[in-house]
Amino acid sequence: MSTSPETPAVFVTSATGSVGSALCRQLRDLGWGVRATTQNLDSPSAKALQEVGVELTLGDWDNEEALRAGLTGCDKLFVCLLPDLQDFNKVPNRAKNIAAIAKAAGVRQVVGLTTLGAFAVEEGSEPPSAHAPGPFFVQHLHAKKRVEQALIDGGFDHWTILRPGFFMANFLEPKIHMGYTEIRENGTWTNSMTASSPLGLVDHVDIARFAVATFQNPDTFHGRRLGVVSEEPLVQEALDTLAAAIGDGRSLKANFLSDEECAKAQAEGGWRFFSSEPCVRYMADYTNLEELNKLLPGGLTTFKEFLEREKEGVKETYGV
Ligand SMILES: NC(=O)c1ccc[n+]([C@@H]2O[C@H](COP(=O)([O-])OP(=O)(O)OC[C@H]3O[C@@H](n4cnc5c(N)ncnc54)[C@H](OP(=O)(O)O)[C@@H]3O)[C@@H](O)[C@H]2O)c1
């Protein structure tokens, strides 16, 4: 792959995933080189990426040979790693390993994707107890912070951490299976928000656009941990927007868990964060929509616009 300052090459982890796929396409649209590994070269997503010129090789995050081959010749790195809720050390160790291989291969800029919740465990700013994550969630958030630290400590010239809110795609297949099928089956969403707490929704394509902007403007974004959302409606407003997009006359209703119900879910080992964690009520404390709109050329995507763009996914998910 030939690279130049105008057309650098980027190694994208989770390239076949929602954010990664969008990022690969946007980078290819710019004429940049894109490399990635996948565990399945024949998946529909992998095939689609190869068709737009992404150089995919078979491998996973533990395959150092595949990582080294992919990273050699790349200038930039995007790191998005799935959490491991059984072993909170595994993913930070993977991040450290990937960063070391990237540094040795000559990568100079890294952009990491973690989660908005990382703000709730920021060192030196003890959150008020109402904002504090529960004992299980806190381990997940600390693992995300350790992923961030591995990238920050990686010795790159530029680093940026994107901390996204709640993916709009969670309301659609396949992510609806991450704990949100109640919306489709019962027309309700039982969650640990309140009627008045803004839901930090993010379009995964917007996250990819932030990553592209960061790769294009390393100095502007260097050293930032940026909370990334696209819109912040109330939960019931979001459900009304979704119901209107489904368009078959159904209504969707938010059910808000009390503090006691959240505590009970936590005591039972609840790991579905939006069904047991009151701290998600404070997501909007960590975002600045006005700044985000200024940083992203073309502005942010509303939930309504997302659902219009993804109307085939809405049909597939809700059977209309
Ligand atoms: N959903 C939310 O609301 C939300 C909110 C905040 C943050 N996040 C974060 O967003 C990230 C998920 O991003 P996404 O939704 O774009 O991902 P995704 O669509 O779930 O895709 C997962 C990706 O991970 C890759 N993968 C899985 N296991 C792998 C392994 N062992 N080795 C190499 N690759 C592996 C898959 O690639 P192959 O199968 O092709 O190899 C695939 O590209 C997570 O870190 C999550 O914590 C999500």
#### Entry: MRE, 222 nm, helices only [DSSP H, n ≥ 4, -39500 (n - 2.57), over the chain, to nearest 500]
-11500 deg cm²/dmol
### Query
Which far-off residues, 5 or more places away or on another chain, put their amide H under 5 Å from the one on L226, with H placed in the peptide plane?
I161, L162, R163
### Query
Any idea what the relative contact order of the stretch 185-320 is, in percent, if you count C-alpha pairs under 8 Å spaced at least 6 apart?
38
### Query
For S4 and V138, what is the calculated FRET efficiency with R₀ set at 56 Å and r taken between the beta-carbons, to the nearest 0.05?
0.80
### Summary
Once all protein chains are kept in place, H177 shows an accessible area at probe 1.4 Å, nearest 10 Å², of 110
### Query
Hey, quick one: spin label on K264, modelled 7 Å out along Cα-Cβ, who in the stretch 136-168 has an amide N within reach, i.e. under 18 Å?
none
### Message
For Cα pairs less than 8 Å apart in space and 6+ apart in sequence, what is the mean separation divided by the residue count of the chain, i.e. the relative contact order in percent?
### Response
17
### Query
How many percent of the alpha carbon pairs in the chain exceed a separation of 26 Å?
47
### Message
Please enumerate, by chain and number, the aspartates and glutamates with C-alpha under 15 Å from the C-alpha of K294, excluding those fewer than 8 residues away in the same chain.
### Response
D206, E231
### 10 °C / 1.306 mPa s Stokes-Einstein diffusion coefficient of the stretch 203-258, Kirkwood radius on C-alpha pairs, µm²/s
112
### Task
Run the numbers on the stretch 34-137 and let me know its relative contact order in percent, using alpha-carbon pairs under 8 Å that are six or more apart.
23
### Convex hull of the stretch 203-311 built on C-alpha atoms - directionally averaged projected area, nm²
8.8
### Query
Using 0.36 nm per residue, how much length does the chain from K253 to E312 gain when fully extended, once their Cα-Cα distance is taken away?
19.0 nm
### Sequence-distant residues sharing a close amide H with T57 (under 5 Å, placed H)
A36, T37, T38
### Query
Whats the longest run of the chain with zero GluC sites (Glu not before Pro) that are DSSP loop and have at most 12 other Cβ atoms within 10 Å?
124-267
## Note on the structure
One quarter of the C-alpha convex hull surface, i.e. the mean projected area of the stretch 58-154 in nm², amounts to 6.6
### Task
Would you rank F274, F306 by solvent-accessible area, highest first, keeping every protein chain in place and using a 1.4 Å probe?
F274, F306
### Summary
Quotient of Cα radius of gyration and Kirkwood radius for the stretch 88-132, i.e. Rg/Rh, equals 1.13
### Query
What is the Cα radius of gyration of the stretch 146-195 over 2.2 N^0.38 Å, N being its residue count?
1.75
### Selection from P278, L300, V314, by position along the positive dipole direction of the stretch 264-315 (Cβ)
V314
### Query
For the stretch 82-206, what is the convex hull volume of the alpha-carbon atoms per residue, in Å³?
143
### lysines with Cα under 22 Å of K311, excluding same-chain neighbours fewer than 8 positions away
K175, K253
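The values are calculated or read from the model by the stated rules, or taken from the named source; none is laboratory data. Owing to the predicted nature of the structure, the values given are computational and were not obtained by experimental measurement. Here the Cβ is made from the backbone with ideal geometry for all residues, glycine too, and neighbour counts use every protein chain on show. Remember, those area values only see protein heavy atoms, side chains included, never the ligands or the DNA or RNA. Shrake-Rupley method; radii C 1.70, N 1.55, O 1.52, S 1.80 Å.
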